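The values are calculated or read from the model by the stated rules, or taken from the named source; none is laboratory data. Note that the structure is predicted; figures quoted are calculated from it, not measured. In this analysis, Cβ positions are derived from the backbone assuming ideal geometry, glycine residues included, and neighbour counts consider all displayed protein chains. Keep in mind that these areas ignore ligands, DNA and RNA; they rest on the heavy atoms of the full protein, side chains included. Shrake-Rupley method; radii C 1.70, N 1.55, O 1.52, S 1.80 Å.
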Amino acid sequence: MQNKRLIIILLAVAFLLLIPFVAMQFTDEVNWTLFDFVIAAVLLSGTGLLCELVMRKVSKSEYRIAGCIALLAALFLIWIELAVGVFETPFGGH
């Protein structure tokens, strides 16, 4: 069961990365570089694997949910910072 979840996480990451890849074939508005795909893959798979770690190591369901929500919130904040630079860090998009 646990290995099945890991496979599902990795397949979900691959599917999510296919969306901008396919969009790039049809429009010029989506313009990702290899670096963008690598960063997205690291962020998505890292978040998924950390959520899996929380699910395996934390026994209380309330703490599991809170931990996964915190990880997803961190992913969301990092993603929007890299995309548009909301927090005006040197890593922010333009």
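Longest segment of the chain with no chymotrypsin sites (Phe, Trp or Tyr not before Pro) in a DSSP loop having at most 16 other Cβ atoms within 10 Å?
Values: sites that count: Trp32, Phe87, Phe91.
So the longest stretch without any such site is 33-86.
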**Using θ = phi - 60° and Karplus 6.51 cos²θ - 1.76 cosθ + 1.60, couplings along region 33-38 (whole Hz; Gly, Pro as x)** = 9, 4, 4, 4, 5, 5
**Request:** Give me the Debye-computed log₁₀ of I(q)/I(0) at q = 0.14, 0.18, 0.29, 0.30 Å⁻¹ for region 44-91, equal point scatterers on Cα only, no solvent, two decimals.
**Result:** -0.41, -0.58, -0.98, -1.01
**Message:** How tilted is helix 2-26 with respect to the longest principal axis of the chain? Cα atoms for both, answer in degrees (0 to 90, nearest 10).
**Reply:** 10 degrees
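Please tell me the relative contact order of the chain in percent, rounded to the nearest whole number, where contacts are Cα pairs under 8 Å and at least six residues apart. It would help to have the intermediate numbers written out before the result.
Working: 56 pairs, mean separation 17.5, N = 94.
Value for the chain: 19 percent.
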**Prompt:** Can you give the helix-only mean residue ellipticity at 222 nm for the chain, where every DSSP H stretch with n ≥ 4 adds -39500 (n - 2.57) and the sum goes over all residues, rounded to the nearest 500 deg cm²/dmol?
**Reply:** -27500 deg cm²/dmol
**Complete:** Averaged per residue, the 1.4 Å probe accessible area of the chain, protein heavy atoms only, in Å², is roughly 76 Å²
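Rounded to a whole number, what % of the accessible area of region 1-80 do carbon and sulfur atoms account for, probe 1.4 Å? Write out the running numbers ahead of the final one.
Values: 4370 of 5950 Å².
Looking at region 1-80 in its full context, I get 73 percent from C and S.
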**Overall Cα dimensions of the chain - principal axes, largest extent first, Å** = 46, 31, 16
**Asked** What longest range of the chain stays clear of loop-exposed GluC sites (Glu not before Pro) (DSSP non-H/G/I/E/B, at most 14 other C-beta within 10 angstrom)?
**Response** 30-87
**Item:** Where a label projected 7 Å from the Cα of Ala12 along Cα→Cβ would reach, residues of region 50-90 with amide N under 16 Å
**Value:** 50-57, 64-76
